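The values are calculated or read from the model by the stated rules, or taken from the named source; none is laboratory data. Here the structure is a predicted model, which means the values were calculated and not measured. Reconstructed Cβ throughout: ideal geometry from the backbone, glycine too, with neighbour counts over all protein chains shown. For accessibility, only protein heavy atoms count, side chains too; no ligands or nucleic acids. Shrake-Rupley method; radii C 1.70, N 1.55, O 1.52, S 1.80 Å.
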Amino acid sequence: QARLVESGGGLVQTGGSLRLSCAVSDSLFGDNVVGWYRQAPGNQREMVATIRGDSTRYADSVKGRFTISRDNVKKAVYLQMNSLKLEDTAVYYCGTYYLGDTYWGQGTQVTVSS
């Protein structure tokens, strides 16, 4: 079954850190882009970071603070988030585009408080 499952969200104070994990099913884990996206209330879903092989891309708002990585053995993609800001509060989704279809996880809430 093609699926992505996120975990690791939670409540953290400004300046803190969180690590999100995305477990990717075998059928979706290959030479395709996997990314982290987020959606805050009232906003559109936006790209946070993507990875394909060793190539990564970041939104300007998270450069230098967030790091995306992947573990090919565990078939997982991670997002290490440091120096969190209030504006990082959102539901974070793991997503991928594969063979003409887009797949999303269920999302994990990240809340940054002052």
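Some notes on this structure:
- When LYS75, LYS63 are compared by accessible area at a 1.4 angstrom probe, the order from most to least is LYS63, LYS75.
- Fully extended contour minus Cα-Cα distance, from ALA59 to ARG19, at 0.36 nm per residue: 12.7 nm
- Normalised contact order of the chain, rounded percent, pairs of Cα under 8 Å and 6 or more residues apart: 37 percent
- Accessible heavy-atom area order of PHE66, PHE29, highest first, probe of 1.4 Å: PHE29, PHE66
- Accessible surface of SER7 - all protein chains present, 1.4 Å probe, nearest 10 Å²: 60 Å²
- Paramagnetic reach from SER27 (point 7 Å along Cα→Cβ, amide N under 18 Å) across segment 85-112: 95-106
- The residue among GLN13, ALA76, VAL33 whose Cα reaches farthest toward the positive pole of the charge dipole of the chain, with charges on the beta-carbon of Lys, Arg, Asp and Glu, is GLN13.
- Net dipole in debye of the chain [+1 Lys, Arg Cβ; -1 Asp, Glu Cβ; about Cα centre; nearest 20]: 160 debye
- In sequence order, segment 41-51 has phi-based couplings of x, x, 10, 7, 5, 10, 6, 9, 7, 10, 9 Hz under the Karplus curve 6.51 cos²θ - 1.76 cosθ + 1.60, θ = phi - 60°, and Gly or Pro positions carry x.
- Extreme residue, positive dipole direction of segment 57-114, given options LEU86, THR108, GLY64 (C-beta unit charges): GLY64
- Amide H contacts of VAL33: TYR97, each under 5 Å away and 5 or more positions distant or on a separate chain (H built 1.01 Å from N in the peptide plane; Pro and chain starts excluded).
- For TYR58, solvent-accessible area (1.4 Å; no DNA, RNA or ligand), Å²: 50 Å²
- Within-10-Å neighbourhood charge of ASP88 [Cβ basis; K, R +1; D, E -1]: +2
- Counting heavy atoms of the protein chains alone, ASP71 has an accessible area of about 40 Å² for a 1.4 Å probe.
- List MET47, MET81, ordered by accessible area with a 1.4 Å probe, largest first: MET47, MET81
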